[in-house]
Amino acid sequence: MLGFMNDPDAGSPSPTPFLRSADFRVIHPFEFDSKVQGSPASAFAGITAALLSAQMDGVAMWEAPGLRNPAVAGAPVVPELYYEELLPAVRRFLFGGKSDGTVYIRLSRPLVTTVFRNGLDVWLSEGKDGRVVGPPSGPPSARLLPEAAVELFLLSSGIGVLSVQIGIEANARNPLSLDRVQELNYRLAQRRHKECPIFAIPHPRLSGRLVGSQLEDAVAKAGEPPRADLPLEQRLGRPGGLFTLEEWKDVLLSPLESEAQLRDAQGQFSLYSVVTFGHQTSWETSETRAPLAHFLSGMAQAEEEDHAGSLPREISVPNELLNSRHWAAAGSLAAAHLICDQWPTDGRGHPQRYDGLRGPTVLHRYFILWLLAQLQRLHFLRSVNDVAAVAQASMSSSSTPQAQGIRELRVRLLEFQAKAYQHEVSVRAVHNRYYRLAQQGLQIEPLFDRVHHAVENLDSVLESRGQTEIALGQSTLLGEIRRLTAEQEQSSRSLVDISKEVKANVETIQKIQTKIEYVEIFLVAVYAVELIAHLGHAFGFNNDYVGWSILVGSTVAAALAAWRLLSGQPHLPRGRTVLLVLIPIVLLLALYLISGWVWARHGKRDVAATSPPAAAESNSQHP
């Protein structure tokens, strides 16, 4: 027993329960965005591959365990306490190993052994701004157990959770107290803005247990501890090599930084703690729970040991009595479990029956339920930021790309809701009760409602804005169509006028061409007459023969010329064209012949009338 804790509301002091052990998980939530262009699945696969290929001192840093498969001997496996009682859908999401769910990897066993060796000494309030500033000022405040685990949970949506599991050694030389456990819980949550704890593999120079020649002999055997200003890689794994969780976190995530841009999700580490009490304590009555209400409230909120905290006998965060030996509480920064043994330890001080399994069960099986709620919180918080980014971008640009972005957010939200935001996650009722308690402590339901309403509202705004833009665009398009239609009508009218003018010009040209062709026909006939006349005169042909040749030749030449020149006109039939030319020629020739014949006959009569007197006179002159 460690003494008594006075309850101001109690008439007499109540005994402080015996603390058997305290285990912690220090949680670092973060966000990341791939630096590699490409599909989200391929980028996420590249990030995972970079982590699994990273090495430290020639040793692989991370390994990817799978679900237990008896056919693969020696393969790293996921602890069965994590998944054996989860519903299949949740199990696939957390440990399916697919790029659309959660990728689970853990620090390789050789590196865990190198860093923790046989346990680490812890000095509280010795670091500053997340760094080691010098040797500790006194002996260590506690000793960590060597059974440690470092795990990493990555979501393809850009969410990550780093978990470092550590336990406090408790024995006669290192007894635990409520104040010391709460102080350690508070200090483990500190990163930069306040003093933080530092860790080191035990070294005689720092332990404070040896003095004088014994100390010098031990230091000569172990060597001097490495300086605090050396790079962390030269301090890790060496006795007396001091480091902080902030420094170690940066080394653990350094392979991820080469492939992705990292952002802290919060300014402090989150805590998941399991405090185990002896069989003398139980939570069956309010009287037994009341003395520890203040302690549980402080643990679930990562408060200092001397923080004013909640009222005595009251707890100010969501909490539930899961059974008479298990009391749990959850806040926004931490979750705490107070569990008790049912039976006294055996003769060698070991827990009996289920007491030895209660601690690991709460540390693993219930942690996964809290982790699922934590992943929901981180995913919804990021979704809120994404909605805000889309809303801000929509103020300065077209709503079309932003509408597409908000629809993608809606799809991702629905997918995550189907895979990871479910009402029940386990086959055990008590696990589902704790899962809902964790959701209540992390404010998951209000956060989901906030995200859902933000997406719906922004989608409605962008849709309304898009419809307005479409209406304005349609109005502008209609006006442009009307303008183009008017221009087209004006062009059509102009084309009609031009066509009419062209048609008139063509008709005029056709008439002129026809007249010119008539002249050409006449010229052909004239040339024929001239040719026949010259040939007849040159060869001395008879005048009658030449005359008739002129009549026939000129007529035939005119007919041939008319046939060749006028037969190509589409508006005149071919036969009609020739007749139109020949008829005037024939009529003119007939008129010419008739006139000539009449004139010749008239001339002969005149000659006959005047011929006798001339002849008589002539005869009278010649006897």
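Please treat every number below as a calculation from the coordinates, not as lab data. Since this is a predicted model, take the numbers as computed values, not measurements. Glycine also receives a Cβ, built like all others from the backbone with ideal geometry; neighbour counts cover every protein chain displayed.
Between Ala220 and Ala49, the simple spin-label model (points 7 angstrom out along Cα→Cβ) gives 5.5 nm. Each of Trp248, Trp548 was scored by other Cβ atoms within 10 Å of its Cβ. Listed from fewest to most, they are Trp548, Trp248. Given a Förster distance of 35 angstrom, what is the FRET efficiency for Glu284 paired with Lys128, based on the Cβ-Cβ distance and rounded to 0.05? Taking R0 as 35 Å, the efficiency between Glu284 and Lys128 is 0.20. Take each peptide in 356-366, 51-61, count the other Cβ atoms within 10 Å of every residue, and average; sorted highest first, the result is 356-366, 51-61. The spread of Cα positions in the range 302-357, taken along each principal axis and listed from longest to shortest, comes to 41, 24, 21 Å. Over all other residues within a Cβ to Cβ distance under 15 Å of Ala528, the charged ones net out to -1, with Lys and Arg as +1 and Asp and Glu as -1. The simple Förster model, with R0 at 56 Å and r as the Cβ-Cβ distance, assigns Glu456 and Leu321 a FRET efficiency of 0.90.
Maximal additional length on extending the Arg263-Asp544 stretch stands at 88.6 nm, based on 0.36 nm per residue less the C-alpha distance. The per residue volume of the convex hull around the alpha-carbon atoms of the range 135-266 is 143 Å³.
Using the Cβ-Cβ distance between Ala388 and Ala308 with R0 = 41 Å, the FRET efficiency computed as 1/(1 + (r/R0)^6) comes to roughly 0.70. Checking the Cα-Cα distances for Lys128/Lys221; Lys194/Lys249; Lys128/Lys249 against a 26 Å cut-off, the pairs over it are Lys128/Lys221.
Computed from backbone phi with θ = phi - 60° and the Karplus coefficients 6.51, -1.76 and 1.60, the 3J(HN,Hα) list for the range 232-249 is 4, 4, 8, 9, 4, x, 10, x, x, x, 7, 7, 10, 5, 5, 5, 5, 4 Hz; x is used for glycine and proline.
A simple count of charges around Asp355, restricted to other residues whose Cβ falls under 12 Å of its Cβ and scoring Lys, Arg +1 and Asp, Glu -1, yields +2.
Descending by average beta-carbon neighbour count within 10 Å, the peptides 310-318, 509-517 line up as 310-318, 509-517, the highest first.
Summing charges over all other residues whose Cβ lies under 15 Å from the Cβ of Glu303, with Lys and Arg as +1 and Asp and Glu as -1, gives -3.
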